[in-house]
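Written out below as structure tokens is the structure these notes cover.
The values are calculated or read from the model by the stated rules, or taken from the named source; none is laboratory data. Everything numeric here is computed off the predicted structure, so don't read it as measured data. Neighbour counts are summed over all protein chains in view; Cβ atoms, including those assigned to glycine, are modelled from backbone coordinates with ideal geometry. For the accessible areas, the whole protein counts, side chains as well, though only heavy atoms, and no ligand, DNA or RNA atoms are used. Shrake-Rupley method; radii C 1.70, N 1.55, O 1.52, S 1.80 Å.
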Amino acid sequence: MLTAIYPGSFDPITNGHLDVIGRASRLADRLIVGVLLNANKNPLFDIEERVEMTREAVRPYPNIEVRHFDGLLVEFAERERARIIVRGIRAISDYEFELQMALMNRRLKPDLETVFLMASENHSFVSSRIIKEVARLGGDVRDMVPPQVEARLRARFQRSEN
Ligand code: PNS
């Protein structure tokens, strides 16, 4: 039984994340989506909201569980008996940081492998950061996030539907 972990801040989950999740769920027997509790990026949504939105978005997948975690990713992976960390790569600009993380995680736990999955080109420009900015300024992000995320973004930024 192959367990993989897809970690992230998911502030909030986007269709780009979901694209990678769909691919990873076909590769692993069990996929844990790990939502980082202590995202030191001053998240827009608190951990309960991020977990809730992520759970709702992955409901169609029977082999996916959503958990929050704090501390080192490699320790979370060990607790969950995961052998693989999945990360999505959108563009070459993602690579440097991802390589740094993957090599650090390998140093910390050599038998845990990081696997990079290419997000669909339709989502290559989508990031949680840019979605929050567009939503905050009243732009339409409906094609880029699940419906319940779009609703929460709208509520958070108090924009009425038009
Ligand atoms: O969605 P993000 O913000 O790009 O995800 C980053 C994440 C959560 C994968 C990364 O920050 C992480 O693993 N944090 C946990 C702490 C840790 O293990 N740090 C060392 C890894 S280099």
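Tell me, yes or no, whether region 132-139 has at least one residue that is basic (Lys, Arg) and open to solvent by less than 60 Å² (accessible area, probe 1.4 Å). Looking for residues that are basic (Lys, Arg) and open to solvent by less than 60 Å² (accessible area, probe 1.4 Å), one finds at least one in region 132-139, hence yes. Taking every residue in region 118-146 that is closer than 14 Å to ARG156 by Cα and pairing it with any residue that is among the small types (Gly, Ala, Ser) and open to solvent by less than 20 Å² (accessible area, probe 1.4 Å), at least 6 positions away or on another chain, the pairs with Cβ-Cβ distances below 6 Å are VAL141/ALA135. Residue count for region 1-23 satisfying the condition of being touching a Leu at 6+ places or on another chain (Cβ under 9 Å), assigned to a helix (DSSP H, G or I) and within 14 Å of the ligand (Cβ to nearest atom): 2.
Inside region 115-131, can you point out the residues that are open to solvent by less than 90 Å² (accessible area, probe 1.4 Å) and assigned to a strand (DSSP E or B)? Residues satisfying the conditions are VAL115, PHE116, LEU117. Filtering region 14-34 to residues that are touching an Asp or Glu at 6+ places or on another chain (Cβ under 9 Å) and either open to solvent by less than 30 Å² (accessible area, probe 1.4 Å) or not polar (S, T, N, Q) (or both) leaves ARG30, LEU31, ILE32, VAL33, GLY34. Note on region 68-87: residues that are more than 21 Å from ARG26 (Cα to Cα) and open to solvent by 100 Å² or more (accessible area, probe 1.4 Å) total 3. Taken over region 41-62, the criterion of being touching a residue at least 60 places away in the same chain (Cβ under 8 Å) and aliphatic (A, V, I, L, M) is satisfied by LEU44, MET53, ALA57. Pairs are defined by a Cβ separation below 7 Å, a sequence spacing of at least 6 or placement on different chains, a first member in region 9-29 that is at positive phi, and a second member that is open to solvent by 10 Å² or more (accessible area, probe 1.4 Å); the pairs so defined are PHE10/HIS17. Looking only at residues of region 52-62 that are more than 22 Å from VAL115 (Cα to Cα) and part of a loop (DSSP other than H, G, I, E, B), we find that the one that is least open to solvent (accessible area, probe 1.4 Å) is PRO60.
Beta carbons closer than 9 Å, at least 6 apart along the sequence or on distinct chains, pair a first residue in region 103-114 that is closer than 17 Å to TYR6 by Cα and open to solvent by less than 90 Å² (accessible area, probe 1.4 Å) with a second that is more than 9 Å from the ligand (Cβ to nearest atom) and assigned to a loop (DSSP other than H, G, I, E, B) for ASN105/LEU112; LEU112/ALA82; LEU112/ARG83; GLU113/ARG83. Among the numbered conditions (1) more than 13 Å from the ligand (Cβ to nearest atom); (2) touching a residue at least 40 places away in the same chain (Cβ under 8 Å); (3) open to solvent by 50 Å² or more (accessible area, probe 1.4 Å); (4) of a type outside the set (A, V, I, L, M, F, W, C), the only one that ARG90 does not meet is (1).
A single entry from GLU65, GLU49, GLU96 fulfils the requirement of being open to solvent by 20 Å² or more (accessible area, probe 1.4 Å) and in a strand (DSSP E or B): GLU65. Just the residues that are over 23 Å from ARG154 (Cβ atoms) and touching a strand residue (DSSP E or B) at 6+ places or on another chain (Cβ under 6 Å), please, taken from region 22-46. Within region 22-46, ARG23, ALA24, SER25, ALA28, ARG30, LEU31, ILE32, VAL33, GLY34, LEU37 meet the criteria.
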